[in-house]
Amino acid sequence: MKIFFKVLNFIILVLCILLQFAFFENFKLVNIGIDIVLVAIIGITIFNGEIYGMAYGFFAGMLIDILSGRIIGISALLYALGAFLAGRVSGLELKKKILTDLLLVLIVTELNILFKSGVYYLFGFSASSAKLGLEMLINPVFNAALMFILFPLLDLGRERKEELGFIFKKKA
Amino acid sequence: MAPEKRNPRNIIILSVIIVICIIVITVSFKDSGAFSKIRILTFDFFEPVQEKTYLFFRPVSHFFLNIREYFNLNAENRDLMEENAGLIKDYSDNINLRVENDSLRHLLGMQLRQDHETMAAKVIGYFEDKWQSEVIINKGGSSGISEGMAVVNDEGLIGIVIFVSSSSSRVRLLDDPQSSIGARLLSSRKLGMIEGSPEKKIYFNYITRGEEIFKGDILITSELGGNIPAEILIGRVKSTSVRDNSAYAVIEVEPFADYKKLEYVLIIKS
């Protein structure tokens, strides 16, 4: 059964990549949008573990780079690092699970933006600092909002102890 | 949450991924053609799904774009009415000039301007971030498309084909930071370069700061643009300013084409 969820998560990830190209690239506020693939990878890391997160992140990044990127490998590296970070931060057991997840999405998105800008800067691509600041403000909020739709989808069919951060009432 | 033991296995896997990525990044950065076969195969594999998904979601994304545009309608309508009044005035003059031009060309034995051989293509993808701005079209090498061809629509120049697979191609838009195309001011015939920027603004560069440039001046492609035919409409001057310690004026250009609403384009083959 475990393998079924992993395959299901993989299919959701591929759908997220297609959705990113087909819809979210057009749906941007001041050219800053939602990174649905990153949110999916964070979710996969939470529900399947760090190793699956890194492997799926590597695959998704490679696919995105091949389909759209200028330099192949950058997104693969960043998504794999994102999954690794998500695995580490998810160890923080806050009082409510939802807070841990929210914090996770915010931190990993911020670090992803910083790493991405840094790596591109090293390769000679410039970007305005104002735009970077704006992206660091807006993108995590969008991603956090998307988390509420995507995480329940990735968690579909699994036994849950909590719903929206609150522990289910024990049946009498 | 899946219980994950903090063992060194994860670090080892991450290290392997990092090493693979660094090798791939280095190879693809040094030689952009190194992975072209894999790129072409992946592009061709995903093209049908990509097309269907993009077309499925296009009405939704256009709906959101239209909401945003609704708030600019008043100002846009006023500008268009002003422009229309000017165009009506010019219309009769232009007909007279055209007749005169045709007869003079006939007298001199000069050929009329040749029409370009074009091919229609459907936009099946859009990609934009700080460092790039591209669309994917559903025509590729099997239709005779090759890298460097100009892509236009009824409003003007859209961009240049930068990657071709057998059934689809990637087009670099004019607002891409790497985009650089030779252009002319229609009124004064001054030459410069149309370049994109990370802010997704388009600039007409290398015009000295003393030159007279007016807001609304129209820009066209120059005859020095390689594969790009001359006299294709690009856009109009939106604003001009000067930067300290620079010999050149900063001229922002508003393109005629709306890149986010592209549905069909024409690729100029000749």
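A few comments on the model shown:
- Per residue, the convex hull spanned by the Cα atoms of region B:155-221 measures out at 104 cubic angstrom.
- Computed from Cα atoms alone, the Kirkwood hydrodynamic radius reported for region B:174-268 is 13.6 Å.
- Over chain B, relative contact order from alpha-carbon pairs under 8 Å, at least 6 apart, %: 16
- Globularity index of chain B, i.e. its alpha-carbon radius of gyration over 2.2 N^0.38 Å: 1.25
- Accessible area per residue in Å² at 1.4 Å probe, computed on region A:2-156: 37
- Among the trypsin sites (Lys or Arg not before Pro) in region B:1-87, those placed in a DSSP loop whose Cβ has at most 10 other Cβ atoms within 10 Å are B:5.
- Integer Hz, Karplus 6.51/-1.76/1.60 couplings in order for region B:8-17, x for Gly and Pro: x, 4, 5, 5, 5, 4, 4, 4, 4, 4
- Judged by the mean number of other Cβ atoms found within 10 Å, the most tightly packed of the peptides B:222-231, B:209-218 leads the ranking B:222-231, B:209-218.
- Out-of-range pairs (alpha-carbon distance over 23 Å; input A:116/B:52; B:30/B:269; B:130/B:215; B:89/B:201; B:200/B:238): A:116/B:52; B:30/B:269; B:130/B:215; B:89/B:201
- For region B:47-75, accessible area lost to neighbouring protein chains reaches 30 Å² or more, against the chain alone with a 1.4 Å probe, at B:50, B:53, B:54, B:57, B:61, B:64, B:68.
- Summed over both chains, the area buried between A and B is near 5000 Å², taken from the accessible surface of protein heavy atoms with a 1.4 Å probe.
- Entry for the protein assembly as shown at q = 0.07, 0.08, 0.11 Å⁻¹: log10 I(q)/I(0) = -0.42, -0.54, -0.93, Debye formula applied to identical alpha-carbon scatterers, no solvent contribution.
- Trypsin sites (Lys or Arg not before Pro) restricted to DSSP loop in region B:111-154 with at most 16 other C-beta within 10 Å: B:113
- Cross-link reach list, aspartates and glutamates versus residue A:2, counting only Cα pairs under 14 Å and skipping chain neighbours closer than eight places: A:155, A:159
- Length-normalised contact order for region A:2-156 - Cα pairs under 8 Å, 6+ apart - percent: 25
- J(HN,Hα) series, region A:48-63, from Karplus relation 6.51 cos²θ - 1.76 cosθ + 1.60, nearest Hz, glycine and proline x: 10, x, 4, 5, 5, x, 5, 5, 5, x, 4, 4, 4, x, 4, 4
- Here is the list for region B:216-252: trypsin sites (Lys or Arg not before Pro) lying in DSSP coil, each with at most 11 other C-beta atoms within 10 angstrom of its C-beta, are B:243.
The values are calculated or read from the model by the stated rules, or taken from the named source; none is laboratory data. Here the structure is a predicted model, which means the values were calculated and not measured. Quick reminder, even Gly has a Cβ in these numbers, built from the backbone with ideal geometry, and neighbours come from all protein chains shown. Note: accessible area is taken over every heavy atom of the protein model, side chains too, but ligands, DNA and RNA are not part of it. Shrake-Rupley method; radii C 1.70, N 1.55, O 1.52, S 1.80 Å.
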